[in-house]
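Accompanying notes for the structure given below.
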Amino acid sequence: MKIFVKAKPLTREEYVKKVDDLNFIVGVKEPPIKGKANKAIIKALAEYFKISASRICLVSGFSSKQKIVEIMGNG
């Protein structure tokens, strides 16, 4: 399943907001430097979906606020 994520780095609180079935807004405390925010986004999504972070893969948007994330496996 692929979802679209709007990244919000450097927020006070970490959160995942579901906009609709395929669109999410993810806020993380980490800065968008050297992939720190991307790793935090994957971790936040893993906690939100209650799955392992290894099942989440960033497909595109490595240096953009608009990201495409793939959630693998049967869940």
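No lab work stands behind these numbers, since they all come straight from the coordinates. Since this is a predicted model, take the numbers as computed values, not measurements. When we count neighbours, we look across all protein chains shown, and the Cβ atoms used for this are built from the backbone with ideal geometry, even at glycine.
For the chain, I need the span (max minus min coordinate) of the C-alpha atoms along each principal axis, in Å, sorted largest to smallest.
Result for the chain: principal-axis Cα extents of 32, 21, 19 Å.
What ranking of Glu30, Glu13, Glu47 emerges when the number of other C-beta atoms within 10 Å of each C-beta is taken as an exposure proxy, fewest first?
Placing the least packed residue first, the sequence is Glu13, Glu47, Glu30.
Do any chymotrypsin sites (Phe, Trp or Tyr not before Pro) in segment 20-75 lie in a DSSP loop with no more than 13 other beta carbon atoms within 10 Å, and if so, which?
Listed in order of number, the matching sites are Phe62.
Within straight cross-link reach of Lys8, meaning Cα distance under 18 Å, which aspartates and glutamates are found once same-chain residues fewer than 8 apart are removed?
Asp20, Glu30, Glu47
Can you give the calculated 222 nm mean residue ellipticity of the chain, where each DSSP H run of n ≥ 4 adds -39,500 (n - 2.57) and the sum is split over every residue, rounded to the nearest 500 deg cm²/dmol?
-6000 deg cm²/dmol
Between 0 and 90 degrees, rounded to the nearest ten: what's the tilt of helix 36-49 against the longest Cα principal axis of the chain?
40 degrees
What nm value, rounded to one decimal, do you get for the distance between Arg55 and Met72 when each label is placed 7 Å out toward the C-beta?
Distance between label points: 1.2 nm.
Please identify the trypsin sites (Lys or Arg not before Pro) of the chain that satisfy two criteria: DSSP loop assignment and at most 16 other Cβ atoms within 10 Å. Which are they? Walk me through the intermediate numbers first.
Numbers: sites: Lys2, Lys6, Arg12, Lys17, Lys18, Lys29, Lys34, Lys36, Lys39, Lys43, Lys50, Arg55, Lys65, Lys67; in loops: Arg12, Lys29, Lys34, Lys50, Lys65.
Of the trypsin sites (Lys or Arg not before Pro), the ones in loops of the chain whose Cβ has at most 16 other Cβ atoms within 10 Å are Arg12, Lys29, Lys34, Lys50, Lys65.
Please grab the % of Cα pairs in segment 32-72 that end up more than 14 Å from each other.
The proportion of pairs with Cα distances above 14 Å equals 41 percent.
Can you tell me the dipole magnitude for the chain around its Cα centre, using point charges on the Cβ only (Lys, Arg +1; Asp, Glu -1), in Debye to the nearest 20? Before the final figure, lay out each step's value.
On the way: 15 positive and 7 negative charges, 47 e Å.
The dipole of the chain has a size of about 220 debye.
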